[in-house]
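Engineer: Supplied in structure tokens, the structure appears directly below.
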Amino acid sequence: MQILINIALVVIGVLLFEFIIFAHEFGHFITAKKSGVQVNEFALGMGPKLFGFTRGETTYSLRLFPIGGYCAMEGENEDSENPRAFNNAKVWKRMIIIVAGAFMNFVVGLLLMLVITLNTPVFYEPVVTGFTPVSFTATTGLEEGDKILNVGGYSVGNIRDLEMGIQLLPCEKVDGASLEVAKEDCCWDLKSVIEQMLSDKQIDYPTAQKLLEEVLGAESVKIRQAQSSQEVEELYRATVDEFYETAQVEKPKDFKYPTFEKPEERMRYRGDVKVLREGKKVTLKDVHFFTYGTQNGNKAVAFDFFVQTKDKNFVTVTQETFSGTVSMGKVVWKSLELLVTGRFHLSDMSGPVGITVAVSDVASAGLKTGFGDAVLNIIFFMALITVNLGIVNMLPFPALDGGRFVLLLFEAIFRRHIPRKVEYIINAIGLALLILMIIYISGNDIKKLITGTFPTME
């Protein structure tokens, strides 16, 4: 049964990927047809032809390898005397044909995001409604009611933007002797006291929850308002006493108040946060986000506050669909920015092999809660791929649609054709560079696959 489920997920992934390619090429195809440009072949897939048929002037074919497709237009890559050739069409028509592929990628992204949105049980917005008892953000400036607008320079329009903005924050050293860190440590150590009492069987789980939510929840507010490290320590001792009193448990005879560990430095995800507070935009400097260690020794970041929910209706579904698609575009654009600035490297990118592994991983994660969740995970991943394809394909790089658009823009402005030989050389160089990059990235993917060092495989 499990094998059949895995096969079904693979088929769904392949079909969705081919749908993305089909939509992109269909954008070129339909605008070419409407512009009077002759289309010689519309192909889905690459490599040897499996089957096809001809209708009118166009051959429609399905090819062996489901990794691409093309819309071959007369006069697209060579000069043609055919009056309906691409090279003889008006420049504005050629510009529309070129950008139509990327446009269709964004349309598909919206459709896939709509499917995800309709299957999302609860919508959230980046408005703080409360904090965990061990919240770092509350200690360093965030307040209940704040609407988060920007995190570390990353604009926030929805909950996905907020997650991305936090993930992009630098993890930096902070002064372990600072008052902010003392407050953070105090709340965290008090939580550890509750866990130790539970471990020693002094209290049961319901009592532990009561101490965490009611006692520590209330006392953490006082701790955050403390004006000195001495006051923090006094509140720490008072809160420990209240734990025992509330739990109606006597302290052990050899009981000693735990002492704070005070290393010189701590690691924190940190950055400036812009919020809307009581109708005014306020910039909070150096906000710390909850930072914890992972099993492999790295540092990770997580929400330590609660956010506001909103009703699910036609308006909010529409908003979330468009907002979610825009967020994906921002992720792609930010990734390109980080690649150009050197924070990401080519070795961090993934090609077909890496994408296959990633799809497998997101599907496996979804299967833990059900087949439907696995499908939704694949759909979400494919939505990101189609938006990524739309943006990357319009970059002004030779051989990409964006590079061809730039050449057409040059022609439109200066009212003269770029010599076909020059255009051919420019696109040939760009194509060669793209092929080399794909070979490098794919080789790196295979190396990661063999050594088991994909990030999702750790």
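Engineer: Hand me the list of helices (runs of 4 or more DSSP H) wholly inside the range 177-236 holding 1 or more residues that are closer than 22 Å to Arg268 by Cβ and of a type outside the set (Lys, Arg).
Structural biologist: Per the criteria, 179-199, 217-224.
Engineer: Suppose we filter Phe86, Phe131 for residues that are more than 26 Å from Ala302 (Cα to Cα), touching a strand residue (DSSP E or B) at 6+ places or on another chain (Cβ under 6 Å) and in contact (Cβ under 8 Å) with a residue 40 or more places away in the chain; which single one remains?
Structural biologist: Among Phe86, Phe131, only Phe86 is more than 26 Å from Ala302 (Cα to Cα), touching a strand residue (DSSP E or B) at 6+ places or on another chain (Cβ under 6 Å) and in contact (Cβ under 8 Å) with a residue 40 or more places away in the chain.
Engineer: Looking only at the range 339-352, filter to residues that are surrounded by 14 or more Cβ atoms within 10 Å (Cβ to Cβ) and of a type in the set (A, V, I, L, M); which one of those is modelled with the lowest pLDDT?
Structural biologist: Among residues in the range 339-352 that are surrounded by 14 or more Cβ atoms within 10 Å (Cβ to Cβ) and of a type in the set (A, V, I, L, M), the one modelled with the lowest pLDDT is Met349.
Engineer: Would you mind telling me which numbered condition in (1) surrounded by fewer than 21 Cβ atoms within 10 Å (Cβ to Cβ); (2) modelled with pLDDT of 95 or more Gly68 fails?
Structural biologist: (2)
Engineer: From the list Ala428, Ala432, Ala412, Ala399, pick out the single residue that is surrounded by fewer than 19 Cβ atoms within 10 Å (Cβ to Cβ), at pLDDT 80 or above and closer than 17 Å to Gly68 by Cβ.
Structural biologist: Ala399
Engineer: Among the residues of the range 1-33, write down those that are over 28 Å from the mean Cα position of the chain (by Cα), in a helix (DSSP H, G or I) and either free of Cβ contacts under 8 Å to residues at least 60 places away in the same chain or farther than 13 Å from Thr58 by Cβ (or both).
Structural biologist: Once the filter is applied, which keeps residues that are over 28 Å from the mean Cα position of the chain (by Cα), in a helix (DSSP H, G or I) and either free of Cβ contacts under 8 Å to residues at least 60 places away in the same chain or farther than 13 Å from Thr58 by Cβ (or both), the range 1-33 yields Gln2, Ile3, Leu4, Phe29, Thr31, Lys33.
Engineer: Taking into account only those residues within the range 291-322 that are part of a strand (DSSP E or B) and at pLDDT below 90, which is farthest from Asn150 (Cα to Cα)? Quick ask: steps written out before the conclusion?
Structural biologist: First, the residues of the range 291-322 that are part of a strand (DSSP E or B): 291-293, 299-302, 305-310.
Right, trim to at pLDDT below 90 and you get 291-293, 299-302.
Details: Thr291: 19, Tyr292: 23, Gly293: 25, Lys299: 22, Ala300: 20, Val301: 17, Ala302: 17 Å.
Going through the qualifying residues, I end up with Gly293.
Engineer: Only one of (1) assigned to a strand (DSSP E or B); (2) surrounded by 12 or more Cβ atoms within 10 Å (Cβ to Cβ) fails for Lys285. Which number is that?
Structural biologist: The single condition Lys285 does not satisfy is (2).
Engineer: Test of understanding: among Leu211, Leu198, Leu142, which residue is free of Cβ contacts under 8 Å to residues at least 24 places away in the same chain and buried (at least 17 other Cβ atoms within 10 Å of the Cβ)?
Structural biologist: Working: Leu211 fails: free of Cβ contacts under 8 Å to residues at least 24 places away in the same chain; Leu142 fails: free of Cβ contacts under 8 Å to residues at least 24 places away in the same chain.
The unique qualifying residue is Leu198.
Engineer: Within the range 148-173, can you find the residues that are in contact with a helix residue (DSSP H, G or I) (Cβ under 6 Å, 6 or more places away or on another chain), part of a strand (DSSP E or B) and surrounded by fewer than 23 Cβ atoms within 10 Å (Cβ to Cβ)?
Structural biologist: Matches in the range 148-173: Tyr154 only.
Engineer: Additional query: Please work out which residue is nearest to Leu211 (Cα to Cα), limiting yourself to the range 222-256 and to residues that are crowded, with 16+ Cβ neighbours inside 10 Å and polar (S, T, N, Q).
Structural biologist: Thr239
Engineer: Further question on the same structure: Among Phe42, Phe86, which is in contact with a Cys (Cβ under 7 Å, 6 or more places away or on another chain), of a type in the set (Phe, Trp, Tyr) and within 29 Å of Glu411 (Cα to Cα)? Quick ask: steps written out before the conclusion?
Structural biologist: Numbers: Phe86 fails: in contact with a Cys (Cβ under 7 Å, 6 or more places away or on another chain).
Of the residues listed, the single one that is in contact with a Cys (Cβ under 7 Å, 6 or more places away or on another chain), of a type in the set (Phe, Trp, Tyr) and within 29 Å of Glu411 (Cα to Cα) is Phe42.
Engineer: Report yes if Phe303 is crowded, with 19+ Cβ neighbours inside 10 Å and either charged (D, E, K, R) or in contact (Cβ under 8 Å) with a residue 12 or more places away in the chain (or both), otherwise no.
Structural biologist: Values: crowded, with 19+ Cβ neighbours inside 10 Å: no; either charged (D, E, K, R) or in contact (Cβ under 8 Å) with a residue 12 or more places away in the chain (or both): yes.
So Phe303 fails the test.
Engineer: In addition: Is it true that Arg404 is in the same structural domain as Phe22 (by TED's automatic domain parsing), touching a residue at least 12 places away in the same chain (Cβ under 8 Å), more than 27 Å from the chain's Cα centre (by Cα) and closer than 17 Å to Lys90 by Cα? Write out each step before concluding.
Structural biologist: Details: in the same structural domain as Phe22 (by TED's automatic domain parsing): yes; touching a residue at least 12 places away in the same chain (Cβ under 8 Å): yes; more than 27 Å from the chain's Cα centre (by Cα): yes; closer than 17 Å to Lys90 by Cα: yes.
Yes.
Residue by residue, here is whether (1) part of a strand (DSSP E or B); (2) of a type in the set (D, E, K, R); (3) over 28 Å from Phe410 (Cα atoms); (4) not assigned by TED's automatic domain parsing to the domain that holds Lys33 holds:
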site: Ser61; (1), (2), (3), (4): yes, no, yes, no
site: Glu78; (1), (2), (3), (4): no, yes, no, no
site: Asn82; (1), (2), (3), (4): no, no, no, no
site: Lys93; (1), (2), (3), (4): no, yes, no, no
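Engineer: All but one of (1) hydrophobic (A, V, I, L, M, F, W, C); (2) modelled with pLDDT of 90 or more; (3) under 36 Å from the mean Cα position of the chain (by Cα) hold for Ile203; which doesn't?
Structural biologist: (3)
Engineer: State which residue is nearest to Ile426 (Cα to Cα) when the search covers only the range 372-416 and only residues that are touching a Gly at 6+ places or on another chain (Cβ under 8 Å) and of a type in the set (S, T, N, Q).
Structural biologist: By that ranking, first place goes to Asn393.
Engineer: From the list Gly47, Gly75, Gly56, Gly36, which one is over 27 Å from the mean Cα position of the chain (by Cα), on the phi > 0 side of the Ramachandran plot and crowded, with 17+ Cβ neighbours inside 10 Å?
Structural biologist: Numbers: Gly47 fails: crowded, with 17+ Cβ neighbours inside 10 Å; Gly56 fails: crowded, with 17+ Cβ neighbours inside 10 Å; Gly36 fails: crowded, with 17+ Cβ neighbours inside 10 Å.
Within the list Gly47, Gly75, Gly56, Gly36, the selection yields Gly75.
The values are calculated or read from the model by the stated rules, or taken from the named source; none is laboratory data. As the structure is a prediction and not an experimental result, all values here were calculated from the model. Neighbour counts are summed over all protein chains in view; Cβ atoms, including those assigned to glycine, are modelled from backbone coordinates with ideal geometry.
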